[in-house]
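Following: one structure in structure tokens, then a few remarks.
Only the coordinates and a few stated rules stand behind these numbers; no lab work does. Bear in mind that the values here come from a model prediction, so they are computed numbers and not experimental data. For neighbour counting, all protein chains shown are included, and Cβ atoms are generated from backbone atoms with ideal geometry for every residue, glycine included.
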Amino acid sequence: MANSGYKPRLGKDMRIKPPEKAKPVQMRRCARPECELEGSHRVPKSRESLSEHLWFCLEHARAHNESWDYFNGMNEDQIAAFRIDAMTGHRPTWPLGRRSARMRDGQHFEDKFAVFGEVEEEVRRPVRQLTRVQLQALEMLNLEAAATLQEIKARYKELVKRFHPDANGGDRGAEERLKKVIKAYSVLRAAGLT
């Protein structure tokens, strides 16, 4: 440092840290009272306090692990409950959907707009302005004007299966009815109702 041209003002070089004194390393002894070896392997204290540990030497850690039985003292029902609870990481869960009153932080609240699932109320029926041709198509499928998309598709599939020539042995009346059903469905598809 003398060649660098730096001269400390107070007579002591502030840039250099003095070497730290090495702290004496204390050996952690094995948790077995009769053992004098270092306790370098940690094992849980008990099932109730898994975050607390004992420190054993390798030999005593092996002996402890061989005799360790987490489910010791539990009956079959408690073990089954533990297995089911383990599927969710032992965190509380609750069912969602088909409930109007939900739990949130221990408080019940209403979910009228089905943000957290379906509401138990009846299915909303669409309000539509339909033309005469669209009304006739719905009538052909034997549906009301407020039929939902799922109802229209389900009825179409049902009628196609019923009037298909393979199901009716080539009956001409069923064939004509099938053509009308397909035409009605195509009208509803073109209108964007399906």
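Order the peptides 37-45, 163-171 from the highest to the lowest mean number of other Cβ atoms within 10 Å of their residues.
Values: 37-45: 15.3, 163-171: 11.8.
Ranking, from highest mean packing down: 37-45, 163-171.
Got a sec? How would Thr88, Thr148 order by Cβ neighbour count within 10 Å, fewest to most?
So the ranking, lowest neighbour count to highest, is Thr88, Thr148.
Just to be sure I understand the model, the point goes 7 Å from the Cα along the line to the Cβ. What's the resulting Arg32 to Glu48 distance in nm?
2.6 nm
Starting from the amide H of Arg29, placed 1.01 Å from N in the peptide plane, find each other amide H under 5 Å away whose residue is 5 or more places distant or on another chain.
The list, which skips near neighbours in sequence, is Gly39.
Between Val133 and His64, what length comes free when the chain is fully extended (0.36 nm per residue of separation minus the Cα-Cα distance, one decimal in nm)? Walk me through the numbers before you get to the answer.
On the way: separation 69, 0.36 × 69 = 24.84 nm, distance 8.22 nm.
Length gained, Val133 through His64: 16.6 nm.
Quick check on the exposure proxy: order Leu130, Leu188, Leu193, Leu149 from fewest to most C-beta atoms within 10 angstrom. List each step's numbers first, then the result.
On the way: Leu130 15, Leu188 23, Leu193 18, Leu149 11.
Listed from fewest to most nearby Cβ atoms, that is Leu149, Leu130, Leu193, Leu188.
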